[in-house]
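Participant: Sharing a structure here in structure tokens format.
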Amino acid sequence: MGAAFCSALLCAGAFAQVSSYGDKQAGENAGDQLPQVLKTVAVAQRLNQPLPLGAEFVDDTGKTVRLGDYFGKHPAILSLVYYNCPMLCSEEMDGLTGALEMVKLTPGKDFEIVIISIDPSETPELAAKKKAFYVKRYGRPETAAGWHFLTGQTPAIDAVTDAVGFGYVRVQGPDGKLSQFAHASSIEVVTTDGKLAQYYLGVEYSPKDVMLGLIEASGNKIGSPVANILTYCYHYDPESNKHSIRVVRVVQLGGMVTVAGLGSFMFVMFRRDIRLGRDHELTDRDLNGKRTGGGKFKDEG
């Protein structure tokens, strides 16, 4: 197992990590300098730019489709990922799915979800597995027709990424081959006529903003640029993974210590209650050892 390095950049200035313990670490950088590999990777917000609706892809059933097949009636959410991504793409898809669970609109009826792999080596079979996973996670199987997981060849992929302003570059994977991609994370809302209406950057998305973006896009309205906070996925590092496992084990150990502490506390309290009960039973008897019935000694008169 490995871990992808991820980082976040606010505009072109301050550098901050976006990570959770045991998952990912920031790559090497000097001060506030972005790692060299990321200098060509960004998301340029090209609002009102039309998508290449004639670009051909293969859907999750193995059928050849045109991107324009998903436009004309409804707006769409577009996501550019790759299905074998070891880290960031899953977080992006999890964030999108979680947001859509709270959006009171129905995929396939009110809008479309179009996921395109940037890896030309990925297959419709893999796309189908990813679709099944996220439709199940979404919890509304009847909306499956509104989820479209596509694969394609480099010319079609690049036509879409160029239109979106989505930069990416191949990087070395754990096998030493250029099998992974450096890329930023974003989703786009697209109008019914196939123009880019809104960008949402990062891996967590506001359900309110997504719903508003879809409503406006359904009327072919174009939104405004958003703060350029980018989350990147760009490298695999086996050493980082080893360190991550240690961190996870430390967290697990901390949990065990907490449980043991609570168990000890409960044991001490139970013993205290038992002791108090015995003391009460003793004080509930008279000097001859007979019960008084009220916790007080009877007046023997």
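Participant: Give me the one-decimal nm value for the distance between modelled label points at GLU101 and PHE133, 7 Å along each residue's Cα-to-Cβ direction.
Facilitator: It is 1.6 nm.
Participant: Also: So, counting K/R as plus one and D/E as minus one, what does the shell of residues with Cβ under 15 Å around GLY165 add up to?
Facilitator: With Lys, Arg at +1 and Asp, Glu at -1, the net is -1.
Participant: Which order do peptides 115-128, 183-196 fall in by mean Cβ count within 10 Å, highest first?
Facilitator: Per-residue mean Cβ counts within 10 Å order the peptides as 183-196, 115-128.
Participant: Between beta-carbons, use under 14 Å as the cut-off and find the net charge around GLU122, counting Lys and Arg +1, Asp and Glu -1.
Facilitator: Summing Lys and Arg as +1 and Asp and Glu as -1 gives 0.
Participant: Expressed as a rounded percentage, what relative contact order does the range 155-197 have, with Cα pairs under 8 Å and six or more residues apart?
Facilitator: 25
Participant: So if R0 is 45 Å, what FRET efficiency would LYS177 and ILE215 give, r being the distance between their Cβ atoms, rounded to the nearest 0.05?
Facilitator: The formula returns an efficiency of 0.55 here.
Participant: Please list, in chain and number order, the residues 5+ apart from PHE181 or on another chain whose amide H is under 5 Å from its amide H, with Hs placed from the backbone.
Facilitator: Residues meeting the amide H criterion: VAL171.
Participant: Now for a different question. Per residue, how large is the accessible surface of the range 79-182? Use a 1.4 angstrom probe and give square angstrom.
Facilitator: Accessible surface, normalised per residue, equals 40 Å².
Participant: For each pair in LYS73/LYS130; LYS73/LYS109; LYS129/LYS195; LYS104/LYS208, compute the distance between the two Cα atoms and list the pairs where it is over 20 Å.
Facilitator: Long pairs (Cα-Cα over 20 Å): LYS73/LYS130; LYS129/LYS195.
Participant: OK, next. Highest first, please rank the peptides 172-180, 71-79 by the mean number of other Cβ atoms sitting within 10 Å of their residues.
Facilitator: The most tightly packed comes first, giving 71-79, 172-180.
Participant: Quick one: net charge of ASN48's neighbours, Cβ under 13 Å, K/R +1, D/E -1?
Facilitator: Summing Lys/Arg as +1 and Asp/Glu as -1 gives 0.
Participant: Modelling each spin label as a point 7 Å along the Cα-to-Cβ direction, I'd like the ALA44/SER206 distance in nm, to one decimal.
Facilitator: 2.7
Participant: Among 58-66, 218-226, how do they line up from the highest to the lowest mean number of other beta-carbon atoms within 10 Å?
Facilitator: 58-66, 218-226
Participant: Another one. Quantify, in whole percent, the carbon and sulfur part of the accessible surface of the range 41-156 (1.4 Å probe; protein heavy atoms only).
Facilitator: Here it works out to 53 percent.
The values are calculated or read from the model by the stated rules, or taken from the named source; none is laboratory data. Since this is a predicted model, take the numbers as computed values, not measurements. Glycine gets a Cβ as well: all are built from the backbone with ideal geometry, and neighbour counts include every protein chain shown. Just so you know, the surface numbers come from the protein's heavy atoms only, side chains and all, with ligands and any DNA or RNA stripped out. Shrake-Rupley method; radii C 1.70, N 1.55, O 1.52, S 1.80 Å.
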